[in-house]
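**Q** There's a structure below that I have some questions on.
What follows is calculated from the coordinates using simple rules that are stated; it is not laboratory data. Remember, predicted model here, so these are calculated numbers, not experimental data. With ideal geometry, Cβ positions are generated from the backbone for all residues, glycine too; neighbour counts draw on all protein chains shown.
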Amino acid sequence: MKAFMMYRDRDFDPQRELPSNEQALIQDLELNTVFNAMARGDEFLFEVAKKAVFLGLNNDLNTIRYRQNILKDCLK
């Protein structure tokens, strides 16, 4: 069985392009602090965290609910 954690029907695609305002958002929101905390010094995890955050900006309500339900299951 393949578990999908980010989307109900597909894998997370780390090859997708980031939004054109990526650098402005990182600077304005000081997101490198968040990404560094998530990655704990691992450059690969830093890039994955950045992609996951930015590629989630356009998620629909069903995707958000799906992820919330995954989190609920993990916390049980």
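**Q** As an exercise, identify the chymotrypsin sites (Phe, Trp or Tyr not before Pro) in region 11-48 lying in DSSP coil whose Cβ has no more than 15 other Cβ atoms within 10 Å.
**A** PHE12
**Q** Show me, for region 38-46, the HN-Hα J-couplings you get by feeding each phi into the Karplus relation (A = 6.51, B = -1.76, C = 1.60, θ = phi - 60°), rounded to Hz, glycine and proline as x.
**A** Residue by residue, region 38-46 yields 5, 8, 6, x, 8, 4, 4, 5, 4 Hz.
**Q** Fewest Cβ neighbours within 10 Å first, please rank ILE64, ILE26 accordingly.
**A** Taking fewest neighbouring Cβ atoms as first place, the list is ILE64, ILE26.
**Q** Can you tell me, using C-alpha contacts under 8 Å and at least 6 residues apart, the relative contact order of the chain as a whole percent?
**A** Worked out over the chain, it gives 39 percent.
**Q** Specify whether the C-alpha gyration tensor of region 1-42 places it in the rounded, prolate or oblate class, a ≥ b ≥ c being the square roots of the eigenvalues: rounded for a/c under 1.5, otherwise prolate if a/b is larger than b/c and oblate if not.
**A** It comes out oblate by the Cα gyration axes.
**Q** While we're looking at this one, here's another question. Give me the three principal axis extents of the chain from the C-alpha atoms, as integers in angstrom, largest value leading.
**A** Principal-axis extents of the chain (Cα, largest first): 36, 26, 21 Å.
**Q** Taking θ as phi - 60°, what are the ³J(HN,Hα) couplings along region 59-76 by the Karplus curve (6.51, -1.76, 1.60), each to the nearest whole Hz, with x for Gly and Pro?
**A** 5, 7, 4, 5, 5, 5, 5, 4, 5, 5, 5, 4, 4, 4, 4, 5, 7, 6
**Q** Please arrange TYR7, TYR66 by how many other C-beta atoms lie within 10 Å of their C-beta, fewest to most.
**A** TYR7, TYR66
**Q** Here is a further query. Can you find, among LEU25, ASN36, PHE12, the residue sitting farthest towards the positive end of the charge dipole of the chain, where Lys and Arg contribute +1 and Asp and Glu -1 at Cβ?
**A** PHE12
**Q** Per DSSP helix of 4 or more residues, -39500 (n - 2.57); summed, then divided by the residues of the chain. What does that give at 222 nm, rounded to the nearest 500?
**A** Dividing the helical sum by the residues of the chain leaves -18000 deg cm²/dmol.
**Q** Now, a different point. Determine which residues of region 2-28 fall in the zone a paramagnetic label at PHE44 would reach in this model, i.e. backbone nitrogen under 15 Å from the point 7 Å along Cα→Cβ.
**A** Answer for region 2-28: 14-15.
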